[in-house]
């Protein structure tokens with residue numbers, strides 16, 4: 001009989017900030033933030049299908065994917081982004097106009 005493989009640990013790095021409340025939506029992965037404005041999802045992933053499902057969820061949120069890494073089981077639970085990737089991610093988060101602010105500007109123009 002074949003042995004059921006144990007879940008592998010992954011670290012998914014996204015550009016931008018994602019609130020920790022999203023952890024349940026990402027199948028219980030822990031969410032950490034790097035000082036460089038990135039979000040790091042980390043934890044066990046059951047199999048490749050589950051990993052692809054997580055990647056689809058990140059795509060649906062519209063956050064750019066920076067990296068996906070398999071990490072050793074002995075890796076600490078919370079990644080230290082600065083220690084693991086010193087100076088690697090120095091790009092600033094792009095600032096997009098808020099749809100709410102765009103509507104306010106449009107209303108102001110229309111009222112003039």
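Only residues that are within 10 Å of the chain's Cα centre (by Cα) and at positive phi were counted across region 1-37, and they come to 1. Among the conditions (1) out of contact with any helix residue (DSSP H, G or I) (no Cβ under 9 Å at 6 or more places or on another chain); (2) crowded, with 16+ Cβ neighbours inside 10 Å; (3) at pLDDT 90 or above, the only one that residue 63 does not satisfy is (3). The residue that is farthest from the chain's Cα centre (by Cα), among those in region 38-56 that are over 11 Å from residue 8 (Cα atoms) and buried (at least 16 other Cβ atoms within 10 Å of the Cβ), is 54. What tally of residues in region 27-74 results from selecting those that are free of Cβ contacts under 8 Å to residues at least 60 places away in the same chain and not in a loop (DSSP other than H, G, I, E, B)? The qualifying residues number 31. Can you pull out the residues in region 9-20 that are modelled with pLDDT under 90 and over 16 Å from residue 60 (Cβ atoms)? Listed by number, the list holds a single entry, 20.
The values are calculated or read from the model by the stated rules, or taken from the named source; none is laboratory data. Bear in mind the structure is a predicted one, so any value in this text is a computation, not a measurement. All Cβ positions, glycine included, derive from the backbone under ideal geometry; neighbour counts span all protein chains shown.
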